[in-house]
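Any read-out appearing in this document is the output of simple, stated calculations on the displayed coordinates, not a laboratory observation. Because the structure is predicted, anything quoted here is derived from the model rather than measured.
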């Protein structure tokens, strides 16, 4: 190997290392951000969000695909949910199963979280990998209150899933144990989106 070849090789190696450093730094920031959210470390979260050029607000867990909104919805934390949304967190990103934070909020019967997400541009009919909508899930849970809320926000009761080819209306008609479920789908009218001040935790 000539001196010129060695010099060229070392130059390429140096460029590769330089290119990898920002990628490693970004990965590290993403990990630290999600960990700080899990630990409720508000100062750390704020510092990472405010770094120049930072995109950590929408970081996804490398294993589950969950983002910060999924994490705070799972612990039914309305304060952190409002804070992250106010900082620009995207409410429509999905985990590895295609579930949005709204779907998780419905699954957990976290009504305050559902209202907050809908007030911050969550897509009411975004489906998961099974083609289920949040409304279909609410019907399956027999939660009449959430059904009324979702339909009032424009959820489509006729949208069908891809597993059984059934809609929220179909599931409701098949359910004979929950008074008012089918009626909630028929009676709910489109209304104004929930409003109110967006507040976050004080650090």
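Expressed per residue, the C-alpha convex hull volume of region 92-196 stands at 84 Å³. Here the extension length gained between residue 123 and residue 96 equals 8.0 nm, from 0.36 nm per residue of separation less the Cα-Cα distance.
Once fully extended, how much extra length lies between residue 35 and residue 177, figured as 0.36 nm per residue of separation less the alpha-carbon to alpha-carbon distance?
Working: separation 142, 0.36 × 142 = 51.12 nm, distance 4.22 nm.
Contour length minus Cα-Cα distance gives 46.9 nm.
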